[in-house]
Each structure stands twice: as C-alpha cells, then as structure tokens.
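Everything below concerns the one structure shown next.
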Amino acid sequence: MMQALTLALLVLTGTVAVWHILFLSIFLGLVDAFDMPTRQSFVVEMIENRGDLGNAIALNSTMVNSARLIGPSVAGILIAAMGEGMCFF
C-alpha cells in the first residue's frame, strides 16, 4: 500500500522519474518475497481438517489468479476514465 500511495503521489504531482519507478519496483519485490510465503503458510494453519487442505490451496490459487485476470481490466478502465495517478490510488 505504501508503494502504491507513493507512486500515486509522484504521478499526480508530476514529479515521477525513472529512478522512482525502479526503486519502488525493487521495494515491492522485497515485500512480496516475504509476503507471499507468509500468506501461503497461513492457508495451511487456518485449515482445521487436513482433508480440506487440497481444496483450500485450490481456492487460494483461484483467488490469486482471478485477481491477476480481473485487476488489469479494472486498471485499464480506471486509467481511461481518471488517469494513471488515480489508478494507483
């Protein structure tokens, strides 16, 4: 959220530069390196019945891939309607 807010503010104020995007991309990569394994380990801990683990993992994968499919479509509509800065908000 901090990365998206920073990028939105930079775009809206017109001060964004290439090094900003590189730095924020590296920052997001580092955050994701810890975030994704943590989220995946919580799926295993949240399941009471181990027989439901396969279904929980499949549901988690479906949600992640659905977001990857729907997110860019919504972003394209927001960019067309309001601009890049508002899309990052």
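The values are calculated or read from the model by the stated rules, or taken from the named source; none is laboratory data. Keep in mind that this is a model prediction, so the values were computed, not measured. FYI the Cβ positions are ideal-geometry reconstructions off the backbone, even for glycines, and counts take in every protein chain you see. To get the accessible areas, we keep the full protein, side chains included, count just its heavy atoms, and leave off ligands, DNA and RNA. Shrake-Rupley method; radii C 1.70, N 1.55, O 1.52, S 1.80 Å.
Label separation (residue 12 vs residue 86): 1.1 nm, computed from points 7 Å beyond Cα along the C-beta direction. Note on residue 36 and residue 5: their simple-model spin labels are 2.5 nm apart, each label 7 Å out from Cα toward Cβ.
Restricting to Cα atoms and excluding each atom paired with itself, what does the Kirkwood estimate give for the stretch 1-65 in Å?
Details: mean 1/r = 0.0702 Å⁻¹.
Over the stretch 1-65, the inverse of the mean reciprocal pair distance is 14.2 Å.
When the chain is treated as a Gaussian network with alpha carbon springs shorter than 10 Å, the biggest mean-square fluctuation among 53, 24, 78 belongs to 53. Membrane-span-like helices in the chain, defined here as complete DSSP H runs extending at least 27 Å along the helix axis by their C-alpha atoms with mean Kyte-Doolittle hydropathy no lower than -1.0, are 18-46, 53-82; this is a sequence and geometry rule, not a statement about a membrane.
Using helices alone, I'd like the mean residue ellipticity at 222 nm for the chain: each DSSP H run of four-plus residues gives -39500 (n - 2.57), total over residue count, nearest 500. Taken over the chain, the calculation gives -29000 deg cm²/dmol.
The mean accessible area for residues of the stretch 43-82, using a 1.4 Å probe and ignoring ligands and nucleic acids, is 80 Å² per residue.
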